[in-house]
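Here's the structure we're looking at; comments come further down.
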Amino acid sequence: MGSIQVDFKNPATTTLLELAKSRRTYYDLKAESPISDDAIEAIVQDSVLHVPSSFNTQTSRVVLLLKEEHRKVWDIAINAIEELVAAGQVPKEVFETQTKPKLNAFRAAYGTVLFFVDYDSLASIKEKFSLYADKFDPFAMESNAMTQYLVWVALESEGFGANLQHYNPLIDEQIQKTWGLPTSWKLDAQLVFGVSTTDPGEKTFTPLEGRLKVFGKSQ
Ligand SMILES: Cc1cc2nc3c(=O)[nH]c(=O)nc-3n(C[C@H](O)[C@H](O)[C@H](O)COP(=O)(O)O)c2cc1C
């Protein structure tokens with residue numbers, strides 16, 4: 001959509017951009033995997049290692065959960081929202097007809113990647129570069145988002161469908177306790193993945209005109 005046609009010097013560039021174009025949000029996922037668990041772990045490892053971070057602070061923390069460990073995340077979310085229903089903060093009917101089926105759909109997938117930021121690890125660099133102190137937290141989140149994106153694209157490249165969720169901070173405490181994670185790890189996102197059983201929904205694009213400006217281009 002809106003792209004000019006060019007031949008790239010490196011065919012891998014075309015492949016990379018094709019992967020970016022084919023990454024979508026898939027909600028109907030089943031608990032199957034087209035690849036080995038080692039291959040999934042390799043995707044996550046390379047993403048954690050090679051995604052850049054400001055000043056190379058390496059603030060992202062990631063937990064890969066497969067099968068029954070993955071299902072625990074969504075049991076935690078279901079229980080947390082059931083408590084809100086019991087407290088009268090979420091209408092029971094909304095929970096039963098909308099929220100619970102959605103959470104059960106995540107639960108039916110193969111795995112979840114939990115993405116955290118360790119903001120505490122930034123204390124010394126904030127002190128050292130006090131002029132930028134207020135920039136480090138947003139930079140850490142931006143770096144985390146890059147990791148999320150790379151894992152998402154790579155999993156879909158290998159035949160998974162995936163969707164990105166944000167049930168934090170509702171589930172944070174139970175997540176931390178269940179897997180004995182450091183309390184300094186602040187949950188940012190949950191990437192749910194499995195084999196997709198339906199096509200992604202229609203996607204519309206705001207025209208590039210008004211979103212992208214180019215100056216100084218050779219004719
Ligand atoms: C930063 C960010 C946060 C998102 N949060 C959620 C979310 O909490 N729940 C959800 O179902 N989708 C979430 N999404 C998915 C977007 O709704 C989706 O990517 C967008 O509508 C474009 O559709 P596509 O992923 O199929 O290209 C998020 C995406 C991004 C990039």
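Readers should treat all values here as calculations from the given coordinates under stated rules, not as data from a laboratory. Being a predicted model, the structure only gives us computed values, none of them experimental. Ideal geometry is used to build each Cβ from the backbone, glycine not excepted, and the neighbour counts take in all protein chains shown.
Results, tabulated for the structure shown:
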item	result
When residues of the range 193-218 are limited to those that are surrounded by 11 or more Cβ atoms within 10 Å (Cβ to Cβ) and more than 10 Å from the ligand (Cβ to nearest atom), the one farthest from Ser121 (Cα to Cα)	Thr197
Scope the range 8-40; condition in contact (Cβ under 8 Å) with a residue 60 or more places away in the chain, basic (Lys, Arg) and part of a helix (DSSP H, G or I); matching residues	none
Residue match in the range 184-192 (condition: part of a loop (DSSP other than H, G, I, E, B) and either within 16 Å of the ligand (Cβ to nearest atom) or buried (at least 16 other Cβ atoms within 10 Å of the Cβ) (or both))	no
Of residues in the range 163-183 being in a helix (DSSP H, G or I) and touching a residue at least 40 places away in the same chain (Cβ under 8 Å), the one nearest to Arg24 (Cα to Cα)	Ile175
Scope the range 89-100; condition under 21 Å from Gln174 (Cα atoms) and either exposed (fewer than 14 other Cβ atoms within 10 Å of the Cβ) or among the aliphatic types (A, V, I, L, M) (or both); matching residues	Gln89, Val90
Enumerated helices (runs of 4 or more DSSP H) restricted to the range 41-151, each holding at least 1 residues that are more than 16 Å from the ligand (Cβ to nearest atom)	68-86, 123-128
